[in-house]
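K.L.:
Before I ask anything, let me first share the structure, which is written out below as structure tokens.
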There are 2 protein chains.
Amino acid sequence: MNVKEAIQTLQKHGFKMTNRREHILHFFAKEDKYFTAKELYTYMEATFPGISFDTVYRNLHLYDDLGVLESTELKGEKHFRMNCGTTHHHHFICNDCGKAKKIHLCPMDEVERILGAYKIDGHKFEVYGLCPTCQSA
Amino acid sequence: MNVKEAIQTLQKHGFKMTNRREHILHFFAKEDKYFTAKELYTYMEATFPGISFDTVYRNLHLYDDLGVLESTELKGEKHFRMNCGTTHHHHFICNDCGKAKKIHLCPMDEVERILGAYKIDGHKFEVYGLCPTCQSA
DNA sequence: TTTTAAATCGTAATCATTCTTATTTACAAA
DNA sequence: TTTGTAAATAAGAATGATTACGATTTAAAA
């Protein structure tokens, strides 16, 4: 998702566009990477001195709920990134640089067959390691 | 893993067997289910009034590190269960009763082929939903 | 039994996250 | 353009999970 689509999503749901919210989008639009709320907060402080943690948290979860961002729990802390793509996929996440690479493979069809009577509501599949760049560094 | 094996693992690594540690093992030996530290703490208090949170947490992570227990993050809280089995597998976890069912299917062979130059250190694959029992209830 | 390092207690600190109230702001309608 | 109003934000405190620490107790080896 790009910044323009994100703004449209926000307004379609009746939320207001603020300069803080727009700034957040530009932050996430830059990289294919998961960030913590704290990292975003640091970035926001440069432009909005004295910005509240609450504003960062609230908007992160708002964007997450709207599907503008996606999130995952890494090392006990929630991480966020721009929602990437329309087709279902998973991620390889580099333990060093944090960048994410799409994995276009999902075992859920087979799992559904195996589980039969179980009602499946969701699943999590993530692969962790070192990307080629971080291996050579 | 059963209680006897767990005790052997503990002693093999030079840790002492205490009545608290044994009690923890019996707690986890009972059910195929993930529990929080708080749930264990409640259980422990009945037998050891005034037991410290620290003792519960420390031992949970000790067992986790030793492979006696396995853990996963559910709803922002770490959950533990007895490490089950020798062969690699994953779990379906019921959102209602918390019980876990093994899934003997792992997509990592294929993922390794796809990822090529990426160094894979770990992966997480979990399926969530309602088990047959909780669906009818 | 004695010794001693490990384990535990009691409590406080830390960290991520959420909540509360007063103030400010976006934006729709006049 | 100005105004009214609901939404957004600031500031800081509350909450909940987890970890840390000095003092005390205990497991288990000698």
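Read-outs throughout are calculated quantities, based only on the coordinates presented, and are distinct from any laboratory measurement. As the structure is a computational prediction, the values presented were derived from the model and not from experiment. No Cβ is skipped: glycine too gets one built from the backbone with ideal geometry, and neighbour counts run over all protein chains shown.
K.L.:
For segment B:48-137, compute the number of Lys pairs whose alpha carbons are separated by less than 20 Å, excluding pairs fewer than 8 positions apart on the same chain.
P.N.:
10
K.L.:
Roughly how far apart, in whole Å, are the Cα centres of segment B:1-63 and segment B:81-137?
P.N.:
Taking the Cα centre of each part, segment B:1-63 and segment B:81-137 sit 24 Å apart.
K.L.:
Now, a different point. When each copy gets a label point 7 Å from Cα toward the beta-carbon at residue A:36, what are the spacings between them in nm, shortest first?
P.N.:
2.2
K.L.:
Please report, for residue A:11, the nm distances (one decimal) from its label point, 7 Å out from Cα along the beta-carbon direction, to the equivalent points in the remaining copies, shortest first.
P.N.:
Ordered by increasing distance: 7.2 nm.
K.L.:
While we're here: How fast does segment A:1-114 diffuse by Stokes-Einstein, in µm²/s, taking the Kirkwood radius from C-alpha pairs at 4 °C and 1.567 mPa s?
P.N.:
Diffusion coefficient, whole number: 85 µm²/s.
K.L.:
What angle, in degrees between 0 and 90 and rounded to the nearest 10, separates the Cα long axis of helix A:19-29 from the longest principal axis of the Cα atoms of chain A?
P.N.:
For A:19-29 against chain A, the angle is about 40 degrees.
K.L.:
For the protein assembly as shown, what log10 I(q)/I(0) values come out of the Debye formula at q = 0.09, 0.11, 0.16 1/Å, with one point per alpha carbon and no solvent?
P.N.:
Reported log10 I(q)/I(0), two decimals: -0.55, -0.80, -1.29.
K.L.:
Right, another one. I'd like the orientation of helix B:37-47 relative to chain B: the angle between its Cα long axis and the longest Cα principal axis, in ° from 0 to 90, rounded to 10.
P.N.:
Result, in degrees: 30.
K.L.:
Output the relative contact order of segment B:28-137, whole-number percent, from Cα pairs under 8 angstrom with separation of 6+ residues. Kindly include the intermediate steps, with their values, before the conclusion.
P.N.:
Working: 111 pairs, mean separation 27.8, N = 110.
With pairs under 8 Å counted, the relative contact order is 25 percent.
K.L.:
If you wrap a convex hull around the Cα atoms of segment B:1-68, how much volume per residue is inside, in Å³?
P.N.:
Output value, Cα hull per residue: 82 Å³.
K.L.:
Further question: Copy-to-copy spacing for residue B:134, label 7 Å out on the Cα-to-C-beta vector, in nm, shortest first?
P.N.:
In ascending order, 3.3 nm.
K.L.:
Across the residues of A:110-119, average count of Cβ atoms on other protein chains within 10 Å?
P.N.:
Per residue, the average neighbour count from other chains is 5.
K.L.:
Can you pull out the trypsin sites (Lys or Arg not before Pro) in segment B:60-137 that DSSP calls coil and that have at most 15 other Cβ atoms within 10 Å?
P.N.:
Listed in order of number, the matching sites are B:75.
K.L.:
Between residue B:18 and residue A:38, how high is the FRET efficiency from 1/(1 + (r/R0)^6) when r is the Cβ-Cβ distance and R₀ = 41 Å? Nearest 0.05. Could the numbers behind the result be given before it?
P.N.:
Values: r = 38 Å, r/R0 = 0.93.
Efficiency, from the Cβ-Cβ distance: 0.60.
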